[in-house]
1. Output the Cα-based Rg and Dmax of region 185-342 in Å, rounding Rg to one decimal and Dmax to a whole number.
2. Out of residues 5 or more away from residue 224 or on other chains, whose amide H comes under 5 Å of its own, with H placed 1.01 Å from N in the peptide plane?
3. If I model a spin label at residue 256 and residue 126 as a point 7 Å from the Cα along the Cα→Cβ vector, what separation in nanometres do I get?
4. What whole-number value in Å² describes the accessible area per residue of the chain for a 1.4 Å probe?
5. Quick one: if the Förster radius is 25 Å, what FRET efficiency do residue 230 and residue 364 give, using the C-beta to C-beta distance and rounding to 0.05?
6. If I fit a long axis through the Cα atoms of helix 292-311 and take the longest principal axis of the Cα atoms of the chain, what angle between them do I get, 0 to 90°, rounded to 10?
7. Mean residue ellipticity at 222 nm from the helices of the chain, using -39,500 (n - 2.57) per DSSP H segment of n ≥ 4 over the full residue count, to the nearest 500 deg cm²/dmol?
8. So for region 92-148, considering every pair of alpha-carbon atoms, how many percent are separated by more than 12 Å?
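The values are calculated or read from the model by the stated rules, or taken from the named source; none is laboratory data. Since this is a predicted model, take the numbers as computed values, not measurements. In this analysis, Cβ positions are derived from the backbone assuming ideal geometry, glycine residues included, and neighbour counts consider all displayed protein chains. Each accessible area value is taken on the protein alone, full model and side chains, heavy atoms only, with ligands, DNA and RNA left out. Shrake-Rupley method; radii C 1.70, N 1.55, O 1.52, S 1.80 Å.
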Amino acid sequence: MTGQHLVLCDGPAGDGGAFRGAYARYLASCCREFLALGSELPTALRGAHGRVVDLVHRALAMDEAQLLHCFASPTVGTPLCCLRLRDELPEFRARIDDAVAAMMPHLLFEIALRGLIGDGDAVVWQHGAPRLASLAVGGEVVPPEGASGLVFSAERVAAVAGGTEIAHLPLDPDGMRTGCEARGGFRFERPYHPVGNVTHFATVDHNPIAAFETHPSKSGNPVDLGDRPEEEWIGILDEAFALVEAFLPQTFAEMRLMLHEVIPVGYDDTRHLSASYREAIGTIYLTLHPNVMTMAEAVLHEFQHNKFNVAADSVDFLSNAFHPLYPSPIRPDPRPLWGILLAVHAFLPVAELYRRMRDAGHPFTAHPGFEQRMADLDLKNHEGMEMLRAHARFTPPGVALFADLEALEGRHLAERTARGLSNVPTEVHVG
């Protein structure tokens, strides 16, 4: 990977293939990681893992692309990636272990839903009967009370107790609907709601480290509607994503590929606090804000973080990414250069969104604060880029990535100069 075309694919020189390739490599890496997982699991789960591995190999032979996309599910990929942190975050070890144990029946469910279990095959999961959440069905399938295990086959999922089947659920849409309506059997709950014609609004989270927090103004990211109805969240998010679709359509197409869920984490009408995790690709955490433009910024910003985290899963962009720390133009706490690179990678496309809306005469641009916010973004981006120019030691892919960032920054600064505006950050923007 060269690092090119991983900033903003919108525009005549953009190439969405760079991101698609990076995402494919990430999913393949997750699959390999799962196949090699056995020795890291508790002894009681290793036999079950071996049976799932056998199924994964057969499914790869049937349809590699469909199988790899099973690892895109937040119920599978996120717990798997969090396992890397088991020793680094001992306070989260129990949560990680529980999530990893639940990951395997979720992976079996995703494989079954995609028709990747052969006729006559059946895989027995004997270690409990968890709720099976899947974006593919838009909710959670809840096994009946008393179930102690699950059996996954080509056409159905069965719940068992003491070795006896007590309920089954066909996997075709009509059969699943009918099965979930049967008394005493499986039932269906809907924590996922389509939003923005691109992703899902989710009121359930499978990230075992969502309570981990490094931002000084936050204390983790628990699911929280902020006493606002789901309809209000969905309505504002619909509007925010519509702005991205209208003005950055190629980025919106990338979102359709990889952005799987938006998790609500409260309401705040004075500031906005969003988050994402390197281990939870495809998931973003947002507070609700009444300003649609603020929400549009947030969804674009956090998607850019996800995009960069995917690219960085297998490629180093900086040789001095995490030490030492430097003042940040974005956050009040000192940050490693990795954090500053993440910031400009996210905020330069946000500044581009503002420009495209202004050039198109969107009604939001008439708001008196629109131009000031765009100016603030430009100056903060410039300061972050200056910090990187002064201190960053880029690898060859990093050099190519930074060239794309500089090209976008250069266009923004040249436009400011042409309008007679200063490009020197004021003391407000100096960390």
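1. 16.1, 57
2. Under 5 Å from the amide H of residue 224: 265, 266.
3. Each label point is offset 7 Å from its Cα along the Cβ direction, giving 4.6 nm.
4. 42
5. 0.55
6. The angle comes out near 70 degrees.
7. Using -39500 (n - 2.57) per qualifying helix, the result is -15500 deg cm²/dmol.
8. Counting every Cα pair in region 92-148, those more than 12 Å apart make up 71 percent.
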